[in-house]
1. Taking the stretch 78-128 as the region of interest, how many residues are of a type in the set (S, T, N, Q) and either farther than 14 Å from residue 43 by Cβ or not in a loop (DSSP other than H, G, I, E, B) (or both)?
2. Need pairs with beta-carbon distance below 6 Å; first residue part of a helix (DSSP H, G or I) and within the stretch 318-332, second among the aliphatic types (A, V, I, L, M); sequence gap 6+ or separate chains.
3. Tell me yes or no: at least one residue of the stretch 482-491 is over 27 Å from the mean Cα position of the chain (by Cα) and in the same structural domain as residue 526 (by TED's automatic domain parsing).
4. Could you grab the pairs with beta carbons closer than 9 Å, sequence gap of 6+ or different chains, first residue in the stretch 490-503 and on the phi > 0 side of the Ramachandran plot, second one surrounded by 15 or more Cβ atoms within 10 Å (Cβ to Cβ) and at pLDDT 95 or above?
5. Would you confirm, using the coordinates I've provided, whether residue 572 is over 23 Å from residue 357 (Cα atoms), surrounded by 14 or more Cβ atoms within 10 Å (Cβ to Cβ) and among the charged types (D, E, K, R)?
6. Residue under question is residue 109, and the condition is that it be modelled with pLDDT of 95 or more and closer than 15 Å to residue 135 by Cα; does it hold?
7. Identify all residues within the stretch 497-541 that are in the same structural domain as residue 465 (by TED's automatic domain parsing), farther than 21 Å from residue 434 by Cα and not hydrophobic (A, V, I, L, M, F, W, C); write none if there are none.
8. Just for the stretch 275-303: of the residues that are assigned to a loop (DSSP other than H, G, I, E, B) and within 31 Å of the chain's Cα centre (by Cα), which one is surrounded by the most Cβ atoms within 10 Å (Cβ to Cβ)?
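The values are calculated or read from the model by the stated rules, or taken from the named source; none is laboratory data. None of the values given here were measured: they were computed from a predicted structure. With ideal geometry, Cβ positions are generated from the backbone for all residues, glycine too; neighbour counts draw on all protein chains shown.
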Amino acid sequence: MSASRSSIPPPASRLLMSGNEAIARAVWDAGARVAAAYPGTPSTEILENLARYPDLYAEWSVNEKVSLEVAIGASIAGARSFCAMKHVGLNVAADALMTLTLTGVVGGLTIAVTDDVGFSSSQNEQDSRFWGRFAHLPVLEPADSQEAYAMTREAFALSERFETPVILRLTTRVCHVKCLVEPGEREVRRAAGGFVKNPARWVMVPANAQQRVPEMFAREKALREESETSALNRLEPGADKRVGFVTSGPAYMHVRETFPQAPILKLGLSHPAPIEKVRAFAEEVGTLVVVEETERLVETEIRAAGIPARGKDILPAAGELPPRVLKKHLAALFPEPEDTSLPSSAALPVFPRPPTLCAACPHLGVYYTLSQLKNLTIAGDIGCYTLGAGHPWNALDTCISMGASMGMALGLDKGRGPDDEKKKIVAVIGDSTFMHMGMQGLLDIAYNRGNVTVLLLDNRTVGMTGGQDNPGSGRDIRGEAAPRVDFARLVEALGIAREHIRVVDPYALPALFKAIREETKYDGPSVIITNRPCVLIDAYEKRPPYEVDEAACTGCGNCVDIGCPAIHVIRREKAVKPSGKEVELAFASIETAACTGCGLCLQPCAPEAIRVAKMEFA
């Protein structure tokens, strides 16, 4: 959930902080003046916490590219600046990043990118360290919250010393795990002189950009020399020199826990890698093993330098590398006497709890309606509504990346074969995702006259990452009033005919069903906007809960098909219809403590067995 907008954490010599909280504190302590981000797990809480600090401008940007551009603008004006994003967000910001590596910076610029190692909340697992190599930028990798604080501050100093942006690469484990942090003294800094015109540096037309390339390579050479002597790359001696480890980030913590007697070369500044320091270390150990999450980036650098090393040939190429994984895959390198101790008890089985939409979520009615309609191909997108792909709706056919539903829907329309001519193409996208990267796709649909119906689900927040504000919510990051986007006028400006723009209450199933059915029959682009707020934000108005009259319930199961988690099947029975067909009846109950009274379940209930709950109080 969103961080409190109250006062900053009190002064203390030691604070219990997550990595995200520690980074926020470090950005403030480093004297940064501008910070921008787009919410995305596991990075979201960095800016949420940073917005609580005074004397600093913070904003939720509409996407990661814009957030980086805001930070770049502040930096070239002489201010220290910061932006944060998850791994897939850096893909969005790459255009700006790859030119920034040529221009360099003035005020220190730190880019925190959080990799979701293990797929806890992402559509792919990406190793953002490659951006350091690709863009010739330094990469720092903290292993815990204390290092996250220290390395963030070091990143600003490094950035200004080499006039380069610095990538701070974290993983979910560092972002969300808490430990004690000792913050330092805060620096009070002012922008030095403001922006200084210099077209040869800041106007990256081809002729100017070409002149900056030698400076980029010279800077990278200087960074390689820095890496060899940097205190961020430290050698930890060990008594058992059969195997020596080169590792970084949280993988270091796992190695240290698993093999406490082994020597370790810990890389805090992992790119450029300190190759000569690695070479000297390799000569002191029997076997050199590189432990990194997730790709073999450092291993490749080491082996390319002619240093024998093991790594991904014996370790998994995906997911985290906790002690149980390291023990299993490195057992052959540590031959030990047979363990005669009693085996530990087996882990208890965990009851499966697949992710689902919240009780009364305004998307429930949308997916229930889509699941009832036939002959649709539905392009999905990234957000809470991605859960529409699951049970009981099974109402998404594609999901690739943020904003992709628009372009994919148009491609599905233009590329359809003879067997698909009668199918209707529907795209589903949320309000924040639409503003992030969907508007261009809708413009393309309108411009190219795509036969696509777009469901724009406006719930007035960035729901999946905890309810952050956006230009559609009418509030800024500090909860203050801000201009609110009128989506109907916006999509009309993008080329959708006014008569084919509908604003519908997603709790009104008949109206929603009619709108989708009619607009999918139209041979052209159309947009249906739903207009109920997320149930987890202040704008949602809770109503009295409902309950099932068990005596009236016939077991039709229509309410269960809504998919609301407050509705439970209490028993199932077999029955035979007059036609002789056997059917299964599902008798339901409603958990009144979870029900918020949206009324969705009333509408498909055939026997009208759902009523306002009779609340009893002691």
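1. Of the residues in that region, 9 qualify.
2. Hits for this filter: 329/314; 329/315.
3. Within the stretch 482-491, the subset over 27 Å from the mean Cα position of the chain (by Cα) is 488-489.
Of the ones still in play, those that are also in the same structural domain as residue 526 (by TED's automatic domain parsing) are 488-489.
Looking for residues that are over 27 Å from the mean Cα position of the chain (by Cα) and in the same structural domain as residue 526 (by TED's automatic domain parsing), one finds at least one in the stretch 482-491, hence yes.
4. Matching pairs, first to second residue: 495/442; 495/443; 495/445; 495/446; 495/525.
5. Against the criterion (over 23 Å from residue 357 (Cα atoms), surrounded by 14 or more Cβ atoms within 10 Å (Cβ to Cβ) and among the charged types (D, E, K, R)), residue 572 does not qualify.
6. It is true that residue 109 is modelled with pLDDT of 95 or more and closer than 15 Å to residue 135 by Cα.
7. Listed by number, the residues that qualify are 507, 510, 514, 517, 518, 521, 522, 523.
8. Filtering the stretch 275-303 down to residues assigned to a loop (DSSP other than H, G, I, E, B) leaves 283-286, 292-296.
Next cut, within 31 Å of the chain's Cα centre (by Cα) only: 292-296.
Details: 292: 24, 293: 26, 294: 21, 295: 17, 296: 18.
Only one residue tops the list, namely 293.
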